Amino acid sequence: MASSVHIDIGINGAFLTRRWERPENWMRLTAELGFPYHEFCSDVLDPFFSGDASYQADTAQAVREAAEHHRVKVWDVYTGVATHRFHGLSHSDASVRRRMATWIIRTMHLALAMGAQRVGGHWDAVPAEYLTDSTATEQVTARTLVQFRHLAEQAKALGLSALYNEQMYIPSEKPWTIEEAEAFLHGANDGRVGVPIYLTVDVGHQAGMHYGLEGPDLDYTAWLRRLGPYCEVIHLQQTTPDASHHWPFTPEYNARGHIQLEKVLQSLESGFAQAGASPLSQVLPPVTQQVLVAEIIPGSTVREETLLRDLETSRRYLRQYVPEGGLTLSY
């Protein structure tokens, strides 16, 4: 029996951080830029740092109302910069792990209030002390998997549909290799009772050559072929092979960068066609919906008018490959 996946484009809300304060503007700009899906960035509304519980609840409700008014779908809430700065879910002290789990659970509540069904990101940096000790690394990996499985159970109880973990490009932010990503997905989903735990592949997170990686781990098309079918969200950025620049898809940056959307779609099509042969499909069926999220993060000195122009140009570039209403890949 033939299967299919519907693919469309969206935008990550990191471009709003420190610039626009009002939920009406967040959703209005998303609509005016031409993106039907919005991946809400937690730096815009952080469960620990953005006001009190009353403010957060009111703001989340305002996001939901503005999204409905402007016909934007808030697909998920994703971590911004803040949680990348901490030893969180893998920390040896249980109080630190609980604190990060509390952050995630509060974000789940905010996501639901906004009308989103999914929460994703990265909540951890494995301490360097553990990375030089194979036994300690195994213990950290096992501890982190327990955390994810527990969070997936809580997400299901709250009414969410999925939890995401983003692949990275340094050994302290796992998974950073294709093998680690496959092992994580299998360990997180085998026999689970919570929501599915998917990966997020970022096409700019293959810069592991600085720590000695080589071969397919440095190739975004290899990541998409192997793991794209297990991603409801793919992060798109223009960048060079040795860095994660989060550039827009403008003629200037397309000439400097190496990400090509035709290769992205070709790799995804190949990946879905081969997914049935992957052991992962036994514990995590390939996704049926996928959003290609433009995760474009401007520098602080980029003027607002330049930023919005670049984002609109990026949307026009993406729409050359993904038409209005999205496309369906059958396999």
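Since every read-out is calculated from the coordinates, none of them should be taken as a lab result. Since the structure is predicted, the reported quantities are computational estimates derived from the model, not experimental observations. Neighbour counts run over all protein chains shown; Cβ positions are idealised from the backbone, glycine included.
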Sequence-distant aspartates and glutamates (8 or more away, or on other chains) whose Cα lies within less than 15 Å of Lys263: Asp202, Asp219
For segment 1-146, fraction of C-alpha pairs farther apart than 18 Å, in %: 60 percent
Charge tally for neighbours of His91 with beta carbon under 10 Å away, counting Lys, Arg as +1 and Asp, Glu as -1, is +2
Spin-label pair Glu214/Ala277, simplified geometry with 7 Å Cα→Cβ offset, distance in nm: 2.6 nm
Between segment 214-282 and segment 62-103, how far is it from one alpha carbon centroid to the other, in angstrom? 24 Å
Could you check the spin-label model distance between Glu262 and Phe48? Points 7 Å from the Cα along Cα→Cβ, value in nm. 4.6 nm
For Ile9, list long-range residues whose amide hydrogen, built 1.01 Å from N in the peptide plane, is under 5 Å from its own amide hydrogen. Leu292
P(r) tail fraction, segment 208-272 - alpha-carbon pairs more than 14 Å apart, %: 60 percent
If you restrict to DSSP beta bridges whose two residues both lie in the chain, what percentage is antiparallel, to the nearest 5? 15 percent
Under 16 Å from a point placed 7 Å out from the Cα of Ile105 along the Cα-to-Cβ direction: which residues of segment 42-58 have their backbone N that close? 47-48
Which lysines have a Cα less than 21 Å from the Cα of Lys73, not counting those fewer than 8 places away in the same chain? Lys156
Under a plain spin-label model, where a point goes 7 Å from the Cα along Cα-to-Cβ, how far apart in nm are Glu173 and Gln139? 2.6 nm
Through the Karplus equation 6.51 cos²θ - 1.76 cosθ + 1.60, θ set to phi - 60°, convert the phi angles of segment 97-103 into ³J(HN,Hα) values in whole Hz; use x for Gly and Pro. 4, 5, 5, 5, 4, 4, 4
A correct Karplus calculation of ³J(HN,Hα) over segment 302-318, with 6.51 cos²θ - 1.76 cosθ + 1.60, θ = phi - 60°, whole Hz and x for Gly and Pro, returns 6, 5, 4, 5, 5, 4, 5, 5, 5, 5, 5, 4, 4, 4, 5, 4, 5
Paramagnetic reach from Thr288 (point 7 Å along Cα→Cβ, amide N under 16 Å) across segment 148-175: 161-162
Placed amide H near Gly120: partners under 5 Å, 5+ positions off or other chain: Val77, Tyr78, Thr79, Tyr164
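Mind checking segment 294-331 for trypsin sites (Lys or Arg not before Pro) that DSSP puts in a loop (not H, G, I, E or B) and that have at most 11 other Cβ atoms within 10 Å?
Numbers: sites: Arg303, Arg309, Arg315, Arg316, Arg319; in loops: Arg303.
The qualifying sites are Arg303.
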For segment 176-331: span of alpha carbons on each principal axis (Å, largest first): 49, 41, 27
